[in-house]
Ligand SMILES: [Fe+2]
């Protein structure tokens, strides 16, 4: 390293000290809240970006971040998704309404599926597990604003970040959900 750039890197050190360890400075806990796995998880779902088409179309997009600083994207994470079909049933013999989605180099992910109906007294929900090297597996569920069943079961304890507001643009329904692991 040339002397000039070495000196320059030294002058940057305090900046990194201030902003490089936000865990010590940021008190908010951004970690995505866990939720019950439920009885219908099945391992081995295939990689896909369209989980299901038979039903009311819904696209979910977001970014996966490290909860240690609430800011660093997690590339190449896997989201293992499962939900009921348009009739409220889970496929326990195959992989209908089940799929794996990967985050890209910027930690971003996107998948198309259906807006799952409620079944029993449960609100509409999508189950997911997030796995990434060096992180503890996260199992949780997302819910949707305005659902009359949100006060039932696990959902009543859901943090607002897990209760998505669905936006409709040009007939398309879209939910934004960032995940912190
Ligand atoms: Fe479920």
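Coordinate-derived values only; no laboratory data. Treat the numbers as computed from the prediction; the structure is a model and nothing was measured. Cβ atoms come from the backbone with ideal geometry, glycine included; neighbour counts cover every protein chain shown.
Couple of notes before you dig in:
- Antiparallel bridges, percent of DSSP beta bridges restricted to segment 27-180 (to nearest 5): 75 percent
- Extension gain for residue 29 to residue 54 (0.36 nm times residue separation, less C-alpha to C-alpha distance): 5.3 nm.
- Sorting 59, 113, 169 by the number of Cβ atoms found within 10 Å of their own Cβ, with the fewest placed first, yields 169, 59, 113.
- Prolate/oblate/rounded label for segment 64-133 (Cα gyration tensor, a/c 1.5): prolate
- Cα-projected label distance for residue 89 with residue 167, points at 7 Å along beta-carbon direction, nm: 3.6 nm
- A full extension of the chain between residue 110 and residue 136 corresponds to an added length of 7.2 nm, given 0.36 nm per residue minus the alpha carbon distance.
- Shape of segment 27-180, Cα gyration tensor, a/c cut at 1.5: rounded
- Cα shape, segment 101-181, gyration tensor, a/c 1.5 rule: oblate
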